[in-house]
Amino acid sequence: VWLTAMKAPDPQTKKSDRRNIPVDQAEGLTRDQLERVLAAIDTTTQIGARDAALLAVAYDLMGRRSEVVALDRPDVRVQDDLSMGIAVIRRSKTDQAGQGRELFLRADTCARLVHWLAIAGIDDDGPIFRSLRGFAGRGKAPPRLRLPAAELSAIIRRRVRAAGVFDVAVLGVAEVDRRIARFSGHSLRVGAAQD
């Protein structure tokens, strides 16, 4: 390695400029699309209430998936009239010291969040977004385990497909599948930034 570093550059070899290489970015889920997705969710079920609250909170916070699923009950304060809320991101990729930051939650997000906490019976200081597998998913046991961050991508894709955000008659099945496959746990952050 040392000898290679000491050699003069070969003028015939052109080093690639990474600035001109397109980035494979996640598909952004914009507010209009999110509204369509949220309208299609049946929030009378635990999984529907959780998914609606999760998507709305992730969009409002422009949070990374790890930051959103890391929220615990004491990290969120909602006004009594549900007019607004504050969520505290305790630690993030850009805040390694853990100083934290407070972020705003919209009124409709607060309503979805309060509904999820009530329907799931979450009254402890544990995680807000919990896994709904096994008995918890069927409503026969209270959810206890934190939702894994990796599941956010699957939730977004499933909800976008169910809401029919992309018109199959116009785009075709293959193109709709390709676009939905581009959604990830980062899509709400990208969509909020685009808005």
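The values are calculated or read from the model by the stated rules, or taken from the named source; none is laboratory data. Note that this is a predicted model, so its numbers are computed, not measured. Cβ: placed from backbone, ideal geometry, glycine included. Neighbour counts: every protein chain shown. These area figures cover heavy atoms from the full protein model, side chains too; ligands, DNA and RNA do not enter into them. Shrake-Rupley method; radii C 1.70, N 1.55, O 1.52, S 1.80 Å.
Looking only at region 33-55, filter to residues that are β-branched (Val, Ile, Thr) and in a helix (DSSP H, G or I); which one of those is nearest to Phe104 (Cα to Cα)? Outline the logic, then answer.
Here is the first cut: in region 33-55, the residues β-branched (Val, Ile, Thr) are 37, 41, 43-45, 47.
Keeping just the survivors that are in a helix (DSSP H, G or I) gives 37, 47.
Working: Val37: 21, Ile47: 24 Å.
Out of the qualifying residues, it is Val37.
In this structure, does Ala192 turn out to be hydrophobic (A, V, I, L, M, F, W, C), part of a helix (DSSP H, G or I) and surrounded by 12 or more Cβ atoms within 10 Å (Cβ to Cβ)?
Details: hydrophobic (A, V, I, L, M, F, W, C): yes; part of a helix (DSSP H, G or I): yes; surrounded by 12 or more Cβ atoms within 10 Å (Cβ to Cβ): yes.
Yes; evaluated as a whole, the condition is true for this residue.
Consider Gln79 carefully, then state whether it is in contact with a strand residue (DSSP E or B) (Cβ under 8 Å, 6 or more places away or on another chain), among the polar types (S, T, N, Q) and either modelled with pLDDT under 90 or farther than 17 Å from Asp51 by Cβ (or both). Steps first, please.
Details: in contact with a strand residue (DSSP E or B) (Cβ under 8 Å, 6 or more places away or on another chain): yes; among the polar types (S, T, N, Q): yes; either modelled with pLDDT under 90 or farther than 17 Å from Asp51 by Cβ (or both): yes.
Judged against the criteria, Gln79 is a match.
Please verify whether Ala39 is hydrophobic (A, V, I, L, M, F, W, C), modelled with pLDDT of 95 or more and out of contact with any helix residue (DSSP H, G or I) (no Cβ under 7 Å at 6 or more places or on another chain), treating the condition exactly as stated. Don't jump to the end; show me each part of the working.
Details: hydrophobic (A, V, I, L, M, F, W, C): yes; modelled with pLDDT of 95 or more: yes; out of contact with any helix residue (DSSP H, G or I) (no Cβ under 7 Å at 6 or more places or on another chain): yes.
Criteria met by Ala39.
Could you grab me the full set of residues in region 139-177 that are at pLDDT 95 or above and not in a helix (DSSP H, G or I)?
Correct list: empty.
Go over the candidates Arg73, Arg65 one by one and state the one that is open to solvent by 40 Å² or more (accessible area, probe 1.4 Å), of a type in the set (D, E, K, R) and closer than 18 Å to Leu188 by Cβ. Break it down into steps so the answer makes sense when it comes.
Details: Arg73 fails: closer than 18 Å to Leu188 by Cβ.
Going through Arg73, Arg65 in turn, the sole match is Arg65.
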